[in-house]
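Notes follow once the structure below has been shown.
The values are calculated or read from the model by the stated rules, or taken from the named source; none is laboratory data. Keep in mind it's a predicted model, so treat the numbers as computed, not measured. Backbone-built Cβ (ideal geometry, glycine too); neighbour counts: all protein chains shown.
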Amino acid sequence: MTHRIAVIPGDGIGKEVMPEGLRALEAAAERFGIDLALEPFDFASCDYYLAHGQMLPDDWFERLKDHDAIFYGAVGWPETVPDHVSLWGSLLQFRRGFDQYVNLRPCRLLPGVKSPLAGRAPGDIDFYVVRENTEGEYSSVGGRMFEGTEREVVIQETVMTRTGVDRVLAYAYELAASRPRKTLTSATKSNGIAITMPWWDERVKAVGERYPEVSVQAFHIDILAANFVMHPDWFDVVVASNLFGDILSDLGPACTGTIGVAPSANINPDGAFPSLFEPVHGSAPDIAGQGIANPIGQIWSAAMMLEHLGHGEAGAAIVYAFEAVLAEGDPAVLTPDVGGHGTTETLGRAIAERISG
Ligand code: NAD
Ligand code: IPM
Ligand code: MN
């Protein structure tokens, strides 16, 4: 069986880490006899926007919907296209159009990588952020009134639906139930955001009745952020609304030394549409063009994609390979964010060689 994979590098370091993601993917496919049909697309990038006046072709949905997965780099080049135009016009359309309602973001302190938190070693930080990915604070309901006048009003409504919240909570509970610690942490803010968030807490309780084996704790998002830094070992599975989950899934990886290694899976669990796999990080204009971006976020996303496609062993081999290369700690191989003076390519090649065995 052939897996059809849409490959979209995007912008900035997305175009630099993607070749290394593909190198790892192809090495694993070769070793495990997996048949992949990789189909590159140039849209969902700011270059495409500059040429066509829009981020996506009108028929993007038709062209992508029959793929088994989408492998994405990063998008955004604010120097030429405003971020809200590029991101709303691409990545956020994919997440919503393909109903990828779970954004699964593992956060793990890897061997050989130094945490900025004193005294933390691998094993101390090992959790998942499960982020609601299609609604919440990322809503298109609202508008500007009296634009440009002293009376100007700007409104953007948070939209939470019972279906939308219950399904991501159920996913998070299932994940927690499958882990040894069986602990779910909910990010709330019911003290200040006093309509949607108390209701979120109610749904956490209601859905939790189906999972008596999972112990649940809730923290307001402000102290939760503090606890990520003070007590990262408390966390196992963290479930959060779209915006809270976005922030926590940069903070978590920062606690593990670099956001350059963090992967994500934008999942449509029903399988009606393709899921999308991409690093957590963006296009990093500050380092783009230097060839020094860490490719592990992209490579780990490839591992999550293979696992999603039913090739758990191949995914695990990729994870094993980048852990081994990091543990070896050769500064000539590693990128600067993890203490080396190597390049995107030296690190990517070392990992691919390790995958091949
Ligand atoms: P960013 O993630 O691109 O960069 C933040 C910081 O982390 C920068 O200093 C960067 O150099 C560093 N960094 C990021 N990835 C790295 C890697 N792989 N290796 C080493 N260092 C890395 O976030 P930003 O600067 O806020 O955003 C830049 C652009 O990317 C904006 O257009 C933004 O909208 C977009 N963005 C896109 C995505 C996405 O495509 N999923 C995610 C976040 C931001
Ligand atoms: C992410 C990114 C996106 C988000 C942006 C670029 C719209 O930060 O994938 O985490 O906020 O979801
Ligand atoms: Mn983000």
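The table for this structure:
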read-out: Among (1) surrounded by 20 or more Cβ atoms within 10 Å (Cβ to Cβ); (2) within 16 Å of ligand 3 (Cβ to nearest atom); (3) not small (Gly, Ala, Ser), the one test that Asp250 misses; value: (1)
read-out: Qualifying residue in region 95-114 (condition: β-branched (Val, Ile, Thr), within 19 Å of Val17 (Cβ to Cβ) and more than 15 Å from ligand 3 (Cβ to nearest atom)); value: yes
read-out: Flag if Ala226 is at pLDDT 95 or above, farther than 23 Å from Gln100 by Cα and part of a loop (DSSP other than H, G, I, E, B); value: no
read-out: Whichever residue in region 100-123 is assigned to a loop (DSSP other than H, G, I, E, B) and under 30 Å from Asp59 (Cα atoms) and, among such residues, is farthest from ligand 1 (Cβ to nearest atom); value: Tyr101
read-out: Selection count, region 167-182, where residues are in contact (Cβ under 8 Å) with a residue 12 or more places away in the chain and more than 13 Å from Val130 (Cα to Cα); value: 4
read-out: Ala272 being at pLDDT 95 or above and within 16 Å of ligand 3 (Cβ to nearest atom); value: no
read-out: Checking Ala327 against (1) within 16 Å of ligand 1 (Cβ to nearest atom); (2) touching a Pro at 6+ places or on another chain (Cβ under 6 Å); (3) of a type in the set (A, V, I, L, M, F, W, C); (4) in contact (Cβ under 8 Å) with a residue 60 or more places away in the chain, the condition it does not meet; value: (1)
read-out: Search result, residues across region 142-184 that are in contact with a helix residue (DSSP H, G or I) (Cβ under 7 Å, 6 or more places away or on another chain) and among the polar types (S, T, N, Q); value: Thr158, Thr183
read-out: Residue ID - nearest to ligand 1 (Cβ to nearest atom), chosen from residues in region 253-274 that are surrounded by fewer than 24 Cβ atoms within 10 Å (Cβ to Cβ) and polar (S, T, N, Q); value: Thr258
read-out: Close pairs (7 angstrom Cβ cut-off, 6 or more residues apart or separate chains): closer than 19 Å to Gly14 by Cα in region 81-106, within 15 Å of ligand 3 (Cβ to nearest atom) and among the hydrophobic types (A, V, I, L, M, F, W, C) anywhere; value: Ser86/Val75; Leu87/Val75; Ser90/Val75; Leu91/Val75; Phe94/Leu276; Arg105/Val129; Arg105/Ala262; Arg105/Val280
read-out: Selected residue [under 30 Å from Pro116 (Cβ atoms), away from ligand 1 (no atom under 16 Å from the Cβ) and either of a type in the set (Val, Ile, Thr) or in contact with an Asp or Glu (Cβ under 8 Å, 6 or more places away or on another chain) (or both)] from Ala226, Ala218; value: Ala218
read-out: Selection status of Asp250, within 26 Å of Asp124 (Cα to Cα), assigned to a helix (DSSP H, G or I), within 15 Å of ligand 1 (Cβ to nearest atom) and not assigned by TED's automatic domain parsing to the domain that holds Ile13; value: yes
read-out: Candidates Ala332, Ala303 - the one that is in contact (Cβ under 8 Å) with a residue 12 or more places away in the chain and surrounded by fewer than 21 Cβ atoms within 10 Å (Cβ to Cβ); value: Ala332
